[in-house]
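The values are calculated or read from the model by the stated rules, or taken from the named source; none is laboratory data. Only a predicted model underlies this, so the values are computations on that prediction, with no experimental measurement involved. As a convention, Cβ positions derive from the backbone with ideal geometry for all residues, glycine included, and neighbour counts pool all protein chains shown. Calculation scope for accessible area: heavy atoms of the full protein, side chains included, ligands and nucleic acids excluded. Shrake-Rupley method; radii C 1.70, N 1.55, O 1.52, S 1.80 Å.
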Amino acid sequence: AASVTDSEGNVTYYATIAEAMKAAQPGDEVFIYAGDYTGGLTVNKAITPITVVGETDAEGNNLVNISGKLSISGSNVTVKNLNVSNPSGSAGAISGGNILVEGCQLTGSNGLRYCYAHNGDVTLKDCVITGGDIYGVHFDAGNGDGDVIIDGCTITGWTSFAAAINKVTMTD
């Protein structure tokens with residue numbers, strides 16, 4: 001289901017995404033192979049910096065489908081090329097800084113909800129984010145030292161930003 005590549009280029013294969021995430025060390029890349037997965041994905045601050053990448057086809061289409069919630073916390077986290085669906089709740093939640101979510105499709109009753117920009121920027125790049133009931137993207141707060149950067153995304157649903165976020169930039 002997944003592999004971990006360390007900073008020296010050594011690759012170790014795992015039967016589950018959870019096993020790969022547990023084994024990952026700071027600076028590693030977790031690669032998720034094509035497939036349908038349930039239970040969500042948690043990338044937490046205990047193992048950052050870390051990169052999580054989903055497999056794509058030759059045209060760049062995401063081949064990893066996750067049913068559940070994408071939860072990202074910590075600093076220096078990159079997540080790319082995942083389709084995440086959680087019809088009964090938020091597809092994603094972010095808390096931290098220097099976080100990049102790129103090329104992902106997040107679909108839920110809320111696309112991104114309970115998000116916080118702390119200790120650095122949170123960047124959403126080339127994503128499709130759909131909030132079916134309420135929020136496409138909602139950042140509840142931050143500590144005033146992180147920007148929210150949204151670049152090249154398609155967002156459906158309310159988009160809102162609460163107090164203590166330094167700056168929000170939306171392009172394309």
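Multiplying the residue separation of residue 16 and residue 67 by 0.36 nm and removing their Cα-Cα distance gives an extension gain of 16.9 nm.
Counting only DSSP beta bridges with both residues in region 18-172, the antiparallel share comes to about 0 percent. When P(r) over Cα pairs in 10 Å bins from 0, in percent is computed from the coordinates, the matching label among (i) 9, 30, 26, 22, 11, 2, 0; (ii) 9, 30, 28, 19, 10, 3, 0; (iii) 11, 41, 36, 11, 0 is (iii).
Site pair residue 169 and residue 8 shows an inter-label distance of 3.9 nm when each label is modelled 7 Å from Cα along Cα→Cβ. Over all distinct Cα-Cα pairs of region 64-141, the Kirkwood formula returns a hydrodynamic radius of 11.9 Å. A protection proxy built from the mean count of other Cβ atoms within 10 Å ranks the segments 5-16, 31-42, most packed first, as 31-42, 5-16. Ranking 22, 125, 167, 45 from most to least accessible surface, computed with a 1.4 Å probe over the protein chains only, gives 22, 45, 167, 125.
Between residue 25 and residue 143, what FRET efficiency follows from the Cβ-Cβ distance if R0 is 25 Å, with the result rounded to 0.05? The computed FRET efficiency comes out at 0.40. Computed per residue of the chain from DSSP H runs no shorter than four, each worth -39500 (n - 2.57), the mean residue ellipticity at 222 nm is -1000 deg cm²/dmol. Using Cβ point charges alone (K and R +1, D and E -1), the dipole size of region 1-155 about the Cα centre works out to roughly 420 debye.
By accessible area, using a 1.4 Å probe on protein heavy atoms only, region 36-129 has 43% of its surface on carbon and sulfur.
Taking a point 7 Å out from the Cα of residue 88 in the direction of its Cβ, the residues of region 47-79 whose backbone N falls within less than 16 Å of it are 67-70.
Each of the peptides 98-105, 51-58 was scored by the mean count of other Cβ atoms within 10 Å over its residues; in descending order, highest first, they stand as 98-105, 51-58.
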